[in-house]
Amino acid sequence: MANELNGLKPQAIWKIFSEICKIPHPSKSEAAISEWVQNFAKGLKLETIVDETGNVIIRKPATPGMEKRMGIVLQGHLDMVPQKNNEMAHDFEKDPILPRIDGEWVSATGTTLGADNGIGVAAALAVMEATDLVHGPIECLFTIDEETGMTGAFGLKGGLLQADILMNLDSEDEGELYIGCAGGINAAIQFNYQEEAVPADSVAYNVIIKGLNGGHSGVDIHLGRANANKVLARFLVAAASKHKLRVAGFEAGNLRNAIPREGNAVVVVPKAGEAAFAEFAKAFAGILKNEYQAVEPGLQFEVAKADAPAKVMDAKTQFNFLNAVYACPNGVISMIPDMPGVVQTSNNLAIVKMEKGKIDISCLLRSSVESSKEDLAAMMEGVFLLAGAEVKFDGGYPGWKPNVNSPILKTMKEIYQKKFGKIPEVKVIHAGLECGLLGDVYKNWDMISFGPTIRYPHSPTEKVNIESVQKFWDYLTETLKNAPLK
């Protein structure tokens, strides 16, 4: 089915993308695509390097008269996300992707397409292959394992690349230029508690929050959506104070990078006060509905009778745990001062799970400013240390601080306006991009990210807009022709 793409323009990109689709390349299985890319470059008699991590670097000299232009790195990742429909018999380690034209789009047959980031890789290779383009010194950097761990970006060493500008070809909206992204770090917090007998004459309830929208903990964090962990903690702190509530169970959230959509706590209250407790819960549900009616129309908060638990958490740890979760910074912490409406720093109180004498809490902290990320981590650590918890941070990666005065940004805004009649949108994404890691190694790089329009990446409905690929190619080649002077 790759032959379906033969009539599409620009053929320079589509013919290479068709070949990429034939080669299995899920994350952590990039050996075949890496070998193919190396052979492609060697066939063009271009210098080719594979670093110790597995990243592929290719160099092409400037065309005559362009030697004084700044060198540019065209960067993308070799791996793709392997997702398929249940009824599709497809082995991503062996079978080719089957692309097809669907109106104005190219999609795959029952699987992810791999336009993320196969189109970017194809565009970079098309530049290396072209004999009719005008450009300064060009390097390609193709990283491995971007989708599951950014392994290639983490492993890149300094001194391998010579250029001054990095153009990341992994964005997904034509007409947008990205000039910054958030770095991140994971927080792992643990409480130990003693199990105690359930107080006499108690009745048990499940406290349930559900129907929340959730969403991406970076891209959607500015939308003000409710966090199931914060809602539960807010209710339980108040109910413990007013109604002598004791906690026997607490569980909400399941992914670090997703805003928790639902949660459940198992509690007991004195039987003599259960009517007052029920009224309190009903009033609290009303408060939530009022506060979140605009952003969480499906919110459901309820308490329901439950089987009696075997044990409850000791009172001291319960007080410390609930108040620490309640006090934990969550959501948007700060905005970028010179980019109104763009989040700079945030936290997602992602997962709380209580069982067998331990409570495990996971958070994902993000910021495009490294010092702000460190400040937030210290703030959170202070909250939980005071509550008697153990706090550890790991998996940190740097952000990409936006530079609104970037020379390549200025050049690309001018080119886009001249070529397409409007100014491109300049954005910062509150999520991780490889640029943060790469720019931390090559601190001299002036960086920008752009690409064609891709929808529903990481899913079997992934598709790339055909017209946007042509615009992306025209924009890329015109930018290379007009790269800033050294």
#### Entry: In the stretch 261-314, the residues that are among the acidic types (Asp, Glu) and open to solvent by 40 Å² or more (accessible area, probe 1.4 Å)
262, 279, 291, 302, 307
### Query
Tell me, which residue of the stretch 239-260 that is in a strand (DSSP E or B) and not aromatic (Phe, Trp, Tyr) is surrounded by the fewest Cβ atoms within 10 Å (Cβ to Cβ)?
258
#### Entry: Selected residue (criterion: farthest from residue 154 (Cα to Cα)) from residues of the stretch 405-432 that are at pLDDT 90 or above and assigned to a loop (DSSP other than H, G, I, E, B)
421
### Task
Would you point out the residue of the stretch 184-229, among those that are acidic (Asp, Glu) and under 19 Å from residue 319 (Cα atoms), that is least open to solvent (accessible area, probe 1.4 Å)?
196
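Take the conditions surrounded by 19 or more Cβ atoms within 10 Å (Cβ to Cβ) and either part of a strand (DSSP E or B) or modelled with pLDDT of 95 or more (or both) and apply them to residue 232. Does it pass?
When the stated conditions are applied, residue 232 passes them.
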### Message
Just the residues that are closer than 17 Å to residue 446 by Cβ and open to solvent by 70 Å² or more (accessible area, probe 1.4 Å), please, taken from the stretch 390-402.
### Response
401
### Task
Evaluate the stretch 249-264: report whether one residue or more is within 17 Å of residue 323 (Cα to Cα) and out of contact with any Gly (no Cβ under 8 Å at 6 or more places or on another chain).
yes
### Query
Being touching a residue at least 24 places away in the same chain (Cβ under 8 Å), touching a Gly at 6+ places or on another chain (Cβ under 6 Å) and part of a helix (DSSP H, G or I), is that true of even one residue in the stretch 451-471?
no
### Task
Answer with yes or no whether residue 66 is touching a strand residue (DSSP E or B) at 6+ places or on another chain (Cβ under 6 Å), surrounded by fewer than 22 Cβ atoms within 10 Å (Cβ to Cβ), aliphatic (A, V, I, L, M) and under 30 Å from residue 162 (Cβ atoms).
no
### Query
Looking at (1) under 22 Å from residue 468 (Cβ atoms); (2) acidic (Asp, Glu); (3) within 25 Å of the chain's Cα centre (by Cα), which is the only condition residue 145 fails?
(1)
### Search result, residues across the stretch 425-473 that are of a type in the set (Gly, Ala, Ser) and over 21 Å from residue 339 (Cβ atoms)
459, 468
### Query
Before we move on, is residue 124 modelled with pLDDT of 95 or more, hydrophobic (A, V, I, L, M, F, W, C) and more than 28 Å from residue 218 (Cα to Cα)?
yes
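Out of the strands (runs of 3 or more DSSP E) lying entirely within the stretch 8-96, which hold 1 or more residues that are out of contact with any helix residue (DSSP H, G or I) (no Cβ under 8 Å at 6 or more places or on another chain) and over 27 Å from residue 470 (Cα atoms)?
47-50
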### Checklist (1) open to solvent by 20 Å² or more (accessible area, probe 1.4 Å); (2) over 20 Å from residue 189 (Cα atoms); (3) within 34 Å of the chain's Cα centre (by Cα) applied to residue 343, failing item
(1)
### Query
So which residues in the stretch 408-432 are more than 26 Å from residue 331 (Cβ to Cβ) and open to solvent by 70 Å² or more (accessible area, probe 1.4 Å)?
410, 413, 414, 417, 418, 419, 422, 423
### Message
What pairs come out if I take residues in the stretch 316-330 that are within 13 Å of residue 239 (Cβ to Cβ) and pair them with residues that are at pLDDT below 95 and part of a helix (DSSP H, G or I) whose C-beta lies under 9 Å away, six or more apart or interchain?
### Response
none
### Task
Could you please tell me which pairs satisfy a Cβ distance under 6 Å, a separation of 6+ or placement on different chains, a first residue in the stretch 66-77 that is over 15 Å from residue 477 (Cα atoms), and a second residue that is open to solvent by 10 Å² or more (accessible area, probe 1.4 Å)?
68/485; 68/486; 76/170; 77/146
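The values are calculated or read from the model by the stated rules, or taken from the named source; none is laboratory data. Computed from a prediction, not measured in an experiment: that's the story for all the values here. Cβ sites come from the backbone with ideal geometry, for glycine too, and all protein chains shown count toward neighbours. SASA here: full protein model, heavy atoms, side chains in, ligands and nucleic acids out. Shrake-Rupley method; radii C 1.70, N 1.55, O 1.52, S 1.80 Å.
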